[in-house]
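Asks: Can you read through this structure? Questions will come right after.
Taken together, the values in this text are just the output of simple stated rules run on the coordinates, not laboratory data. Here the structure is a predicted model, which means the values were calculated and not measured. Reconstructed Cβ throughout: ideal geometry from the backbone, glycine too, with neighbour counts over all protein chains shown.
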Amino acid sequence: MKKLFTTTSVLLIALLFLTTTKAQEYIDLDNVKLASNNKGMSNKTLLLLLSGPTDNWHSDQAWWILGQNYLSQTYPTIGLERAGQGFSEIIEKPSYTDFSKRLSQYIKQQKQPLIIVAFASSNLSVQIMLQDSKVAKKVKGIVFIDPDVLTEHSIKHYTGESEGYRKNWQQLEDYIKAGKYQQRINEKIDAERKHLTKIINGELQQFMDWNLYARFENLRRKPEYQINKFKEVTAYKVDLKIAMDSPVPVNIPVVILDSDFETGYLETIKNEQVKVSIIQWRDEGKAQFFNMASKNPCGAYWPIDSQEHLVTFTHPHLIQRAVERIENCN
């Protein structure tokens, strides 16, 4: 009898199943529906994947598409979006602090400990949340990918732009509503896609779902989405200050993946004062991350020899190794 499927065709079908866009799922946390994306069916520790912003303040789960597909080969994973980000419900006052409360509720519902993998500024919500001892007991470990640096200088560096949005909020909102920002945001979104096509190497292309990414692009282009995105940014300074006073409990191991994306900015900036600020921010980060990771014997500080910030697209294997370190050490 002739075989219906070759080995290659079976692999292609499996890959198609892995990356096919599903209908959006939601989790109700404190009467707000947060968008979630579940992948993977193993009996290993659940990975909770959180996203933070890049240069254009987009902070949705699009940044986890490739990384989640990669990790879900081995681990059960769930990507969870903050209120007002991605496909989550819009609220009046979105912030990392608000999300920390909803995360606390979610983690308390879990029967088994989980590992948190947090990209960029999402470390703020995680650190604030872990001040609740009942939540901390449910967290087996944390992988931080380019987390925010929590020093006085770095907070000042971060919030120069965000405080401008806060102080001039009405003008910004009116500007977006009038359609004056539309061409610029379209250019930014197109540039983001072009950048991704350059940084995803051949072996990792199979884990990228461009159809799902296009859904996020369409969402990002909407003026009302831009308004809600920036609304969260106006709370950024307060979130940073709270997180600075919220250290990760020392009994929770932290593995930090630290790219050298800050150095990449130096090549494009002519203002020497800004360059000095970036260098201080970068160096303070290295010191702070090493110190944080060193507090637990299962922690680790892993600098990445790359100026690419989107580690979830370029180094998913390192993210998995960081998770494995926590798994094998406990």
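Asks: With under 18 Å from the mean Cα position of the chain (by Cα), farther than 27 Å from N69 by Cβ and of a type in the set (V, I, T) as the only criterion, which of V233, V238 stands out? Let's see the steps before the verdict.
Replies: Details: V238 fails: under 18 Å from the mean Cα position of the chain (by Cα).
Result of the check over V233, V238: V233.
Asks: Go over the candidates F144, F216 one by one and state the one that is of a type outside the set (S, T, N, Q) and out of contact with any His (no Cβ under 9 Å at 6 or more places or on another chain).
Replies: Values: F216 fails: out of contact with any His (no Cβ under 9 Å at 6 or more places or on another chain).
Every option except F144 fails the conditions.
Asks: crowded, with 18+ Cβ neighbours inside 10 Å, in contact with a Pro (Cβ under 6 Å, 6 or more places away or on another chain), under 22 Å from E81 (Cβ atoms) and not hydroxyl-bearing (S, T, Y): does that describe E232? Before you say what the answer is, go through the steps one by one.
Replies: Details: crowded, with 18+ Cβ neighbours inside 10 Å: yes; in contact with a Pro (Cβ under 6 Å, 6 or more places away or on another chain): yes; under 22 Å from E81 (Cβ atoms): yes; not hydroxyl-bearing (S, T, Y): yes.
In short, yes.
Asks: Tell me which residues, restricted to the range 228-270, are more than 27 Å from Q131 (Cα to Cα) and free of Cβ contacts under 8 Å to residues at least 40 places away in the same chain.
Replies: E262, Y265, L266, E267, T268, I269, K270
Asks: Can you find a residue that is within 25 Å of F144 (Cα to Cα), crowded, with 16+ Cβ neighbours inside 10 Å and not β-branched (V, I, T) anywhere in the range 221-228? Can you show your working first?
Replies: The initial filter retains those residues of the range 221-228 that are within 25 Å of F144 (Cα to Cα), namely none.
No: the range 221-228 contains no residue that is within 25 Å of F144 (Cα to Cα), crowded, with 16+ Cβ neighbours inside 10 Å and not β-branched (V, I, T).
Asks: Return the residue satisfying two criteria in turn: it lies in the range 255-270 and is outside any helix (DSSP H, G or I) and under 20 Å from the mean Cα position of the chain (by Cα), and of such residues it is farthest from E308 (Cα to Cα). Even if it seems obvious, please write down each step before you answer.
Replies: Just the residues of the range 255-270 that are outside any helix (DSSP H, G or I), to begin with: 255-260, 267-270.
Right, trim to under 20 Å from the mean Cα position of the chain (by Cα) and you get 255-260.
Values: V255: 19, I256: 15, L257: 12, D258: 10, S259: 7, D260: 7 Å.
Taking the candidates together, the pick is V255.
Asks: State the number of residues belonging to the range 236-251 that are crowded, with 18+ Cβ neighbours inside 10 Å and more than 26 Å from G141 (Cβ to Cβ).
Replies: 1
Asks: What are the pairs with Cβ atoms under 9 angstrom where one residue, in the range 186-207, is in contact (Cβ under 8 Å) with a residue 40 or more places away in the chain and surrounded by 12 or more Cβ atoms within 10 Å (Cβ to Cβ) and the other, located anywhere, is in a helix (DSSP H, G or I) and of a type in the set (V, I, T)? Sequence gap at least six, or different chains.
Replies: Sorted first by the residue in the range 186-207, then by its partner, the pairs are I199/T314; I200/T314; L204/T314; Q206/T19; F207/T19; F207/I65.
Residues are listed down the side, and each one gets a yes or a no for (1) closer than 23 Å to A35 by Cβ; (2) under 14 Å from the mean Cα position of the chain (by Cα); (3) surrounded by 22 or more Cβ atoms within 10 Å (Cβ to Cβ):
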{"site": "P94", "(1), (2), (3)": "yes, no, yes"}
{"site": "L124", "(1), (2), (3)": "yes, yes, yes"}
{"site": "M129", "(1), (2), (3)": "yes, no, yes"}
{"site": "K137", "(1), (2), (3)": "no, no, no"}
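Asks: Take the range 271-324 and flag every residue that is surrounded by fewer than 19 Cβ atoms within 10 Å (Cβ to Cβ), among the small types (G, A, S) and either without any contact (Cβ under 8 Å) to a residue 12 or more places away in the chain or in a helix (DSSP H, G or I) (or both).
Replies: Result: S277, A287, S294.
Asks: Let me ask another. For residues that are β-branched (V, I, T) and farther than 17 Å from F144 by Cβ, scanning just the range 46-83, find the one that is surrounded by the fewest Cβ atoms within 10 Å (Cβ to Cβ). Can you show your working first?
Replies: Pass one, the range 46-83, residues β-branched (V, I, T): 54, 65, 74, 77-78.
Checking which are farther than 17 Å from F144 by Cβ leaves us with 65, 74, 78.
Working: I65: 24, T74: 14, I78: 20.
Across the range 46-83, the extreme among qualifying residues is T74.
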